[in-house]
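Note sheet for the following structure.
We did not get these values from a lab; they are worked out from the coordinates using the rules stated. Bear in mind the structure is a predicted one, so any value in this text is a computation, not a measurement. Positions of Cβ are generated from backbone atoms using ideal geometry, with glycine treated the same way; all protein chains shown enter the neighbour counts.
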Amino acid sequence: MDSPIQTENQSLLLVLHDRQEAEDLAAELRADGWVVGGVHREMLAGEDDAEDVDWVVVLETAPDGLAATCWQDRLEELAEAHDGFVSQP
């Protein structure tokens, strides 16, 4: 089996609007074996109002040891289920 293409930065950001939802999702992902780099607020490009700043869950490595970027499609589905989206750092 071919190994996935590796990129320089292999983490992904799950961007959510609610702090509690971001923290709860990060805890669930950790329990499932994901390496979570943290949860923090971040003003993304195009945002100009501090009220609109989103919460970001940084995902580094999947439970299978692959980079989070290898699971981008699945993570996008997960983010959409929480009214969020996936972004790259």
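Quick one: grab the alpha carbon gyration tensor of the stretch 12-87, order the square roots of its eigenvalues as a ≥ b ≥ c, and give me rounded if a/c is under 1.5, else prolate or oblate depending on whether a/b is larger than b/c.
Prolate, since a/c reaches 1.5 and a/b exceeds b/c.
Dipole magnitude of the stretch 12-87 about its Cα centre, charges +1 at Lys/Arg Cβ and -1 at Asp/Glu Cβ only, in debye to the nearest 20?
It comes to approximately 420 debye.
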